[in-house]
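Working notes, beginning with the structure itself.
The values are calculated or read from the model by the stated rules, or taken from the named source; none is laboratory data. Predicted model only: the values in this text are computed from it and were never measured. Don't worry about glycine lacking a Cβ; one is built from the backbone with ideal geometry, like all the others, and counts go over all protein chains shown.
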Amino acid sequence: MRTTGKLEPPSLMAQRALTMNTDLAANTATPDSNGKSVGAAYLLWLVLGFAGGHRFYVGRFGSGVAMAVLAFNGGMWVLVRVGQVMLAALALWVLIDAFLIPGWVRRVNSKHATRECAR
């Protein structure tokens, strides 16, 4: 916030404070807002990353199923070179997802907030 050295009227100060609080609330997921949590997404990524658990959590069902199928097939064919290649590709995919999770959660929470405001 830029200040000019002059005192602002209380109504303008209240309006700016309300705007800042609204912006903060839009970017923050609270437990009672049914928003998704980045921490929960990372926990799912850590525990069920190879099965696509984190993707299901943020609503990316198609690619979650693809990850689960790739993990299953890679595990079934692990003794053959093909399974090792599948699992290596899956590991790279899971690693890249670690950097994408915050953006997905932000997008899901923003869509949820937009729907709630429309009601």
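The table below lists the values:
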read-out	value
Residue match in the range 62-83 (condition: basic (Lys, Arg), at pLDDT below 95 and either in contact with a Phe, Trp or Tyr (Cβ under 9 Å, 6 or more places away or on another chain) or closer than 14 Å to residue 105 by Cβ (or both))	no
Residue within the range 35-42 that is touching a Ser or Thr at 6+ places or on another chain (Cβ under 9 Å) and either at pLDDT below 95 or over 24 Å from residue 118 (Cβ atoms) (or both) present	yes
Near pairs, Cβ below 9 angstrom, 6+ apart or cross-chain, from the range 73-101 (within 15 Å of residue 63 (Cα to Cα)) to any residue that is of a type in the set (Ser, Thr, Tyr) and part of a helix (DSSP H, G or I)	93/63; 98/42; 101/42
Any pair with Cβ under 6 angstrom, 6 or more apart, that starts in the range 47-60 at a residue that is of a type in the set (Val, Ile, Thr) and ends at one that is at pLDDT below 95 and surrounded by fewer than 20 Cβ atoms within 10 Å (Cβ to Cβ)	58/108
